[in-house]
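Novice: I'd like to ask you about the structure that follows.
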Amino acid sequence: MPIILPNGLASAALLRREGIEVLHRPPGHEAVLRVGLLNLMPDMTRTEMQFGRLLGATQHHVEVVPAVPQSYRRGHLATEHYSRWDELSLPRRLDGLIVTGAPLEHLAYEDVRYWRELIDILDWAAANVASTLYVCWGAFAALYRFHCVRMRLLPHKISGVFDQQILETKHPLMSGLGPAFPCPVSRHAEIDARDIPWRRGLTCLAQSFESGVCLVADPAFNAHYIFNHLEYDADTLKREYLRDSAQRAATTLPQNYLPNDDLSQEPPLRSRAAAQQLFSNWLAQIAAQRHAHPTADLGRSAA
């Protein structure tokens with residue numbers, strides 16, 4: 001299905017070149033899901049494209065609404081076509097929300113420039129959005145906000161593609177994924193399963209013995225926390241490795257990624273089928289809730 005992106009967004013033209021149908025306004029005769037993209041990544045255009053590919057590969061018309069916190073520093077042309085969150089949230093309904101990662105794992109949350117504003121965004125999403133997908137640092141931040149769970153810094157960055165074992169095969173988000181799926185991992189921190197207050201209704205949907213907790217459902221806050229990067233392109237881990245190794249000679253190659261650990265080889269995109277299935281499942285859940293409550297906001301305030 002086509003996706004709807006703001007006119008002038010660089011990723012729109014790039015996605016069209018890949019054969020993805022991109023519109024600039026919703027078609028009047030179709031039901032459209034409005035999905036916010038709170039994009040906190042330095043390369044905003046690449047992040048738009050990664051999530052745009054996955055949202056555009058489903059059976060749902062999706063309007064992607066890119067946004068940044070009001071206090072987010074400008075410095076990238078993409079922000080010219082972004083909504084500032086205070087302009088976006090209350091006047092206009094979102095059916096779903098994606099909060100991306102950010103390279104902030106070595107900062108205390110309270111030292112992040114937009115932390116107080118992010119708290120307001122997370123609280124608003126929990127009450128007004130049918131489902132929010134928090135990714136990597138976004139997941140760390142949300143789990144800390146809602147449950148006071150702190151991330152643990154790792155002695156070395158974990159990078160590679162790791163098989164995630166599905167623990168709740170009957171959960172709607174896991175439909176069609178089989179017993180396990182490969183997932184890119186790239187982070188300097190982790191959430192220890194022993195730190196998560198499972199008694200509050202949180203459920204671990206997938207994890208890896210090598211890379212730890214992957215995906216957690218938190219229905220009380222209409223949230224899913226994914227600590228890894230299903231949205232990554234085939235070459236993303238390779239680009240990150242080249243960047244990191246230019247700064248630190250001891251950087252190790254991503255695990256289970258390059259054929260024969262050979263940098264001259266193109267890595268396969270083994271995670272794409274699982275990523276498309278998971279995002280399709282996520283949008284299907286949101287669409288079902290919208291159908292059940294067609295005139296109401298879809299968060300906890302509509303319950």
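The values are calculated or read from the model by the stated rules, or taken from the named source; none is laboratory data. Given the structure is predicted, the values throughout are model-derived calculations rather than measurements. Reconstructed Cβ throughout: ideal geometry from the backbone, glycine too, with neighbour counts over all protein chains shown. Accessible surface areas use protein heavy atoms only, side chains included; no ligands, DNA or RNA. Shrake-Rupley method; radii C 1.70, N 1.55, O 1.52, S 1.80 Å.
Novice: Take the residues in region 77-101 that are assigned to a loop (DSSP other than H, G, I, E, B) and buried (at least 17 other Cβ atoms within 10 Å of the Cβ); name whichever of them is modelled with the lowest pLDDT.
Specialist: S89
Novice: If I ask for residues that are more than 18 Å from T58 (Cβ to Cβ), of a type in the set (G, A, S) and at pLDDT 85 or above, which ones from region 1-33 would you list?
Specialist: A10, A13
Novice: Hey, A249 hits all of (1) within 23 Å of D43 (Cβ to Cβ); (2) at pLDDT below 95; (3) open to solvent by 30 Å² or more (accessible area, probe 1.4 Å) but one; which does it fall short on?
Specialist: For A249, the exception is condition (1).
Novice: Can you name the residue in region 116-130 that is open to solvent by less than 10 Å² (accessible area, probe 1.4 Å) and not β-branched (V, I, T) and is also nearest to F221 (Cα to Cα) among such residues?
Specialist: Out of the qualifying residues, it is A126.
Novice: Going by the structure shown, is E231 under 22 Å from the mean Cα position of the chain (by Cα), among the charged types (D, E, K, R) and open to solvent by less than 20 Å² (accessible area, probe 1.4 Å)?
Specialist: Yes.
Novice: Still on this structure, please answer the following. Looking at the structure I just gave you, is P294 modelled with pLDDT under 95, assigned to a loop (DSSP other than H, G, I, E, B) and either under 15 Å from V161 (Cβ atoms) or not aromatic (F, W, Y) (or both)?
Specialist: For P294, the condition - modelled with pLDDT under 95, assigned to a loop (DSSP other than H, G, I, E, B) and either under 15 Å from V161 (Cβ atoms) or not aromatic (F, W, Y) (or both) - is met.
Novice: Given the conditions (1) among the hydrophobic types (A, V, I, L, M, F, W, C); (2) assigned to a strand (DSSP E or B); (3) modelled with pLDDT of 95 or more; (4) surrounded by 18 or more Cβ atoms within 10 Å (Cβ to Cβ), which single one is not true for V64?
Specialist: Tallying (1) among the hydrophobic types (A, V, I, L, M, F, W, C); (2) assigned to a strand (DSSP E or B); (3) modelled with pLDDT of 95 or more; (4) surrounded by 18 or more Cβ atoms within 10 Å (Cβ to Cβ), V64 fails exactly one: (3).
Novice: Right, another one. Across region 141-178, which residue is surrounded by the most Cβ atoms within 10 Å (Cβ to Cβ) among those that are out of contact with any strand residue (DSSP E or B) (no Cβ under 9 Å at 6 or more places or on another chain) and within 27 Å of D235 (Cβ to Cβ)?
Specialist: So the residue we want is G176.
Novice: Only one of (1) surrounded by fewer than 22 Cβ atoms within 10 Å (Cβ to Cβ); (2) touching a strand residue (DSSP E or B) at 6+ places or on another chain (Cβ under 7 Å) fails for I226. Which number is that?
Specialist: (1)
Novice: OK, next. Of all the residues that make up region 143-159, how many are part of a strand (DSSP E or B) and in contact with an Asp or Glu (Cβ under 8 Å, 6 or more places away or on another chain)?
Specialist: Total meeting the criteria: 6.
Novice: How many residues does region 2-58 contain that are touching a Pro at 6+ places or on another chain (Cβ under 6 Å) and assigned to a loop (DSSP other than H, G, I, E, B)?
Specialist: Within region 2-58, residues that are touching a Pro at 6+ places or on another chain (Cβ under 6 Å) and assigned to a loop (DSSP other than H, G, I, E, B) number 2.
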